[in-house]
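Here is the structure we will look at, set down as structure tokens.
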Amino acid sequence: MALLLSLAAGSHAAVEASRRHDGAIAEAVAARAAVVAELEIAGAPRRLRIPGAGGLPDRWAVPVILTAMTFGGHRVAGDARFVVMGGATWGVAVPGQHLRATGKLRPSAPGEPEAGLLAATSAPTLLRGSGPWQQGPGELRRAFTAAAARFGGDAGGLLPGMVTGDTSALDPELEAAMKTVGMTHLTAVSGANCSLILGTLLLAARTLRLPRAAAAAASLAGLALFVLMVGPDPSVLRAALMGSIGLASVAFGRAGRGLSLLCVAVIGLLLAQPVLAASFGFLLSVLATLGIVVAGRRIMDWLPPSVPRWAAAGVAVPLSAQLFCAPAIVLLQPQFGTYTLPANVAAAALVAPVTLLGTAAVVLLPALPAAAGLLMAAAAAFAGAVAGVARLFAALPGAALPWPEGAFGAATMGIFSATVLAAAWLALHPAAAARGVLAAHARVVAVLDGRPHSAARSAGRRAVSRGLEHRSGRGTLRVRKPTSGRNHEWLLPRPNGPGPRRRTPPPGVM
């Protein structure tokens, strides 16, 4: 089965590589040709912080699928993924729209899944609009972002990012602070958001006494609507899948079942999109979920029974995810976030109200704007508190310490993570640690006490093999001939003892 899955993934990867490196589209990208492209929007636009070469202050990156292009007087049909770099007119693009634009092709960076980049030189022309199931969520996101702007400050920019994944209004200084303390996963829709939504739906379904199958179906349907609202991007779909697995493992205590589901999910995603094998976002999602599945439940069980379960989960989930993700994060950002764990623990209690209240406000915004405004005000207060936590910990001395780069840095960070996990176990199990220390001490004493006796026995065996024999009570060593059957013995000369008695002749005898 493993060989068949490997062959399937390899075949799919070969087909994708041939689409990217062969054919007329690859030749046009290599020649950096100027083209007229027909595009289908494949994801939500993302605002860029760094101005482009043309000096545009407002730049957007939009994932698209190139369906056709015209260059050199020829029209070429295709089906390749690109990223459009354009101005403010591209910020209102909605997934599912079909647009026409002019631009210049450029090759993408090595390891990127896209076949190339399109630097747009004109505003897009609408060819066909998106469907209602795509148009509606886009309008909801834009309306929510506009409504959140009235709160101003950090809350007005962070609230859309934490609820719908729209970080266009996020303050650059706040974004840098959240990156320093390892809270960037809160500014985009991640597995934590999906876990909160799914967990709330499960709790509500069980409160209504729904059967387990009906509760699971209703919860998954609600999660699907949430994913549709924030945009069915591949990263959001992965987050929903990983968040569901992590929540199921922690909530139901099925660590083995959660690990099996994680393996199946990873295999399925890699079969569908082999390029995910080179995606750091996918790697971090898998590692975070693996940490929660493998170590999250165990860390919760280590804590004393007096600690509430919600508090135990608030510590165990970020700690396990951080320990497993830290070696990979070092490869992207060679530094050690000293306050990553306390910052995430402090913000954990604030994330749930922002996500739940904000999501409810998004749903109510078209029909009941007044009620939605009240929910948004409460969510904005919690979002402002999250921003305050990020700024507070980022301003502390030593918030970001340098760490070695490359494989050595990842290996040392892995050793450090294992050491922290072992130290946590020792700190939470003092009695077991004391018993282990005493047992180790007893074993060392037994080994040290046994060495002289074993050394004496081995020395005695060596002496016998050389023909020397010690006889107790005599105080001498005697030599014997091993070849003689009579086994005669002779006294050995003593180096400081008196010699043999000399016989003197009697008087008168010469």
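The values are calculated or read from the model by the stated rules, or taken from the named source; none is laboratory data. Here the structure is a predicted model, which means the values were calculated and not measured. Every residue, glycine among them, receives a Cβ derived from its backbone with ideal geometry; neighbour counts consider all protein chains shown. Side chains included, ligands, DNA and RNA excluded: accessible areas come from the protein's heavy atoms. Shrake-Rupley method; radii C 1.70, N 1.55, O 1.52, S 1.80 Å.
Filtering the stretch 89-118 to residues that are out of contact with any Ser or Thr (no Cβ under 8 Å at 6 or more places or on another chain), part of a strand (DSSP E or B) and either at pLDDT below 90 or surrounded by fewer than 18 Cβ atoms within 10 Å (Cβ to Cβ) (or both) leaves only Arg106.
In the set Val294, Val286, which member is open to solvent by 40 Å² or more (accessible area, probe 1.4 Å), within 16 Å of the chain's Cα centre (by Cα) and of a type in the set (Val, Ile, Thr)? Going through Val294, Val286 in turn, the sole match is Val294. With respect to Gly460, determine if the residue is part of a helix (DSSP H, G or I) and modelled with pLDDT under 55. So Gly460 passes the test.
For the stretch 45-53, the criterion of being over 30 Å from Asp171 (Cβ atoms) and not in a strand (DSSP E or B) is met by no residue. Residue pairs whose Cβ atoms lie under 7 Å apart, separated by 6 or more positions or on different chains, with the first residue in the stretch 1-17 and touching a residue at least 40 places away in the same chain (Cβ under 8 Å) and the second of a type in the set (Val, Ile, Thr) and surrounded by 11 or more Cβ atoms within 10 Å (Cβ to Cβ), are Leu5/Ile267; Glu16/Val275. When the stretch 397-417 is filtered for residues that are within 26 Å of Ala312 (Cα to Cα) and either in contact (Cβ under 8 Å) with a residue 12 or more places away in the chain or in contact with a helix residue (DSSP H, G or I) (Cβ under 6 Å, 6 or more places away or on another chain) (or both), the ones remaining, listed by number, are Ala399, Met413, Gly414, Phe416, Ser417. Contact map, the stretch 297-320: residues that are under 19 Å from Ser417 (Cβ atoms) paired with residues that are surrounded by fewer than 20 Cβ atoms within 10 Å (Cβ to Cβ) and among the β-branched types (Val, Ile, Thr), Cβ distance under 7 Å, separation 6+ or inter-chain. Pairs shown: Val315/Val345; Pro318/Val345.
Looking only at the stretch 321-351, residues that are within 18 Å of Ala418 (Cα to Cα), open to solvent by 30 Å² or more (accessible area, probe 1.4 Å), touching a residue at least 24 places away in the same chain (Cβ under 8 Å) and aliphatic (A, V, I, L, M) come to 2 in all. Scanning for something in contact with a helix residue (DSSP H, G or I) (Cβ under 8 Å, 6 or more places away or on another chain), of a type in the set (D, E, K, R) and either at pLDDT below 90 or farther than 29 Å from Thr359 by Cβ (or both), does the stretch 73-85 turn up at least one residue? Within the stretch 73-85, one or more residues are in contact with a helix residue (DSSP H, G or I) (Cβ under 8 Å, 6 or more places away or on another chain), of a type in the set (D, E, K, R) and either at pLDDT below 90 or farther than 29 Å from Thr359 by Cβ (or both). Gly398 fulfils the conditions (1) in a helix (DSSP H, G or I); (2) at pLDDT below 90 except for a single criterion, (1).
When residues in the stretch 175-191 are screened for being outside any loop (DSSP other than H, G, I, E, B) and in contact with a Gly (Cβ under 7 Å, 6 or more places away or on another chain), 3 of them pass. Residue pairs whose Cβ atoms lie under 8 Å apart, sitting 6 or more positions apart in sequence or on different chains, and linking a residue in the stretch 166-182 that is on the phi > 0 side of the Ramachandran plot to a partner that is part of a helix (DSSP H, G or I), are Gly182/Gln322; Gly182/Ile329; Gly182/Thr340; Gly182/Ala343; Gly182/Asn344.
Condition check: open to solvent by 100 Å² or more (accessible area, probe 1.4 Å), at pLDDT below 85, more than 30 Å from Val307 (Cα to Cα) and in a helix (DSSP H, G or I). Does His453 satisfy that? Here the answer is yes, as His453 does meet what is asked.
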